[in-house]
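These notes are about the structure you will find just below.
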Amino acid sequence: YRLASIEEADFAEGAFDVVISSLALHYVADYEGMVRRVSRWLRPGGDFVFSAEHPVFTAQGPQQWHRGADGRIAHFPVDRYFEEGARRAVFLGQEMTKHHRTLETYARALLENGFALTGLAEPRPSEAMLRDDPGMADELRRPMMLILSAKKL
């Protein structure tokens, strides 16, 4: 293990068979640069698998449900979807910067840097989660996460 920011991490060319990133790349301003570096780190045939907050979730900024006058959830606002860049958000009570990009940008950067897209998922609550926590039903109203997998050609 190395303790370093993701932006400062560096490894030898072809050092890895797989690179996995969990819910981190939406905090990285230069996603395309990160993909170029991961491509360099992977051997041919290596896999890059990552999750990020879904572009629908990051587009608006504050990432809060819009509530009606009665306090009930009305809808999840999506605004400025095609305007990529920094968004201020609050997560677990802490204000932070996340970087919004479109689904097209996530995929295009992979395709333009020597990867073949091998998977795309928009996870949703399981039946068990919905049964055990009625509040989870609201999580079916909009995607919160995105998982992409790609193979280095």
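The values are calculated or read from the model by the stated rules, or taken from the named source; none is laboratory data. Bear in mind that the values here come from a model prediction, so they are computed numbers and not experimental data. Note that each Cβ is placed from the backbone with ideal geometry, even for glycine, and that neighbours are counted across all protein chains shown. Calculation scope for accessible area: heavy atoms of the full protein, side chains included, ligands and nucleic acids excluded. Shrake-Rupley method; radii C 1.70, N 1.55, O 1.52, S 1.80 Å.
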Taking all protein chains in place and a 1.4 Å probe, what share, in percent, of the accessible surface of the chain do carbon and sulfur account for?
55
Region 55-104: Rg to Rh, with Rh as the Kirkwood radius over Cα pairs:
1.02
How much net charge surrounds ARG80 when only the other residues with a Cβ under 14 Å from the Cβ of ARG80 are counted, with Lys and Arg +1 and Asp and Glu -1?
+1
Could you go through region 68-73 in sequence order and give the Karplus-derived ³J(HN,Hα) for each residue, using 6.51 cos²θ - 1.76 cosθ + 1.60 with θ = phi - 60°, rounded to whole Hz, and x for Gly and Pro?
x, 4, 7, x, 7, 4
Mind checking the per residue accessible area of the chain for me, 1.4 Å probe, whole number of Å²?
59
Identify the residues of region 39-65 with backbone N under 16 Å of a label point that sits 7 angstrom from the Cα of ASP30 along the Cα-to-Cβ direction, or state none.
39-41
Connecting C-alpha atoms closer than 10 Å in a GNM of the chain, tell me which of VAL56, VAL90, VAL28 has the biggest fluctuation.
VAL90
Quick check on packing: order 70-82, 140-152 by the mean number of other C-beta atoms within 10 Å, highest mean leading.
140-152, 70-82
Assign one of three labels to region 56-153, namely rounded, prolate or oblate, based on the Cα gyration tensor with a ≥ b ≥ c the square roots of its eigenvalues; rounded applies when a/c is under 1.5, prolate when it is not and a/b is larger than b/c, and oblate otherwise.
oblate
Would you please put 41-51, 3-13 in order of how densely packed they are, using the mean number of other Cβ atoms within 10 angstrom per residue and starting with the highest?
41-51, 3-13
Contour minus Cα-Cα span, VAL90 to GLU7, at 0.36 nm per residue, comes to 27.7 nm
Suppose R0 equals 30 Å. What FRET efficiency, 1/(1 + (r/R0)^6) with r the Cβ-Cβ distance, do PHE16 and ARG131 give to the nearest 0.05?
0.15
If I stretch the segment between TYR81 and VAL49 completely, what's the gain in nm (0.36 nm per residue apart, minus their alpha carbon distance), one decimal?
9.1 nm
Proximal charge balance of THR105 [Cβ under 10 Å; K/R count +1, D/E count -1]
-1
Note down the relative contact order for the chain as a percent, whole number, built from C-alpha pairs under 8 angstrom at least six residues apart.
26
